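These notes concern the structure reproduced below.
The values are calculated or read from the model by the stated rules, or taken from the named source; none is laboratory data. Being a predicted model, the structure only gives us computed values, none of them experimental. We place every Cβ from the backbone using ideal geometry, glycine too, and count neighbours over all the protein chains shown.
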Amino acid sequence: MADDDETRPAAAQYPRPRHPASVLEAKALAHALRLRILRLCAGRELTNKQLADELDSDPGTVHFHVRLLVRAQLLEQTAVRTGASGALEKPYTSTGRTWWLTNPIAETGPAAAMAPIEAFRDEVLAAGPDSVATFARFVLHLSDDDVTELDERIIAILDEYVETDHERRHLPAHGGIFVLHRLAPIPKEDPPS
């Protein structure tokens, strides 16, 4: 008998299953600088100094965050290499595990919800306004079930691209974020007296 994955159309295989973030993973993902480190290390192996230079941050601060990401197994050290000055360097790379976690923000509280937004804002500012390829800003009236369905459908599309990204490594890297938030209520005007 054929495996269900082999008989279903490709689109039906998505979204892929996620696993809950551990307490340490959730903590590691609750800070904008750590999210930026993961993004930078997703496409290349970078040393602590290279990360500090790229992020315009203190190497000690970056090292603190790198250590936490390594402990959470979201970042890993790669082979030691010899740098341009002849010194040995310890580069790091992302493990790619963050994509396959369920919503880690739920594990750390509402304050962590701003970390991905802050990180994304900083990335766009660093890349400059010409880096924005496309965007869609919208208002939708949705039930809780509608929100769940929309999220699953978008994640299914992104999963397919994430799983095949290795086939496009020769192309320019693009970043993005999908954030759906409830709008603040519009204050009602007092009727004229």
Of all residues in region 72-98, which are touching a residue at least 24 places away in the same chain (Cβ under 8 Å) and within 17 Å of A52 (Cα to Cα)? L75, G83, E89, K90, P91, Y92, T93, S94
Restricting attention to region 144-193, which residues are in a loop (DSSP other than H, G, I, E, B), touching a residue at least 12 places away in the same chain (Cβ under 8 Å) and farther than 26 Å from D130 by Cβ? L180, L183
For region 112-123, check the following and say yes or no: at least one residue is free of Cβ contacts under 8 Å to residues at least 12 places away in the same chain, of a type outside the set (S, T, Y) and surrounded by fewer than 13 Cβ atoms within 10 Å (Cβ to Cβ). no
Odd one out for A113, checked against (1) under 29 Å from L51 (Cα atoms); (2) more than 13 Å from the chain's Cα centre (by Cα); (3) among the small types (G, A, S): (2)
Condition check: charged (D, E, K, R) and at pLDDT 95 or above. Does D159 satisfy that? no
Of the residues in region 110-152, those that are within 18 Å of G175 (Cα to Cα) and of a type in the set (V, I, T) come to I117, V124, V132, T134
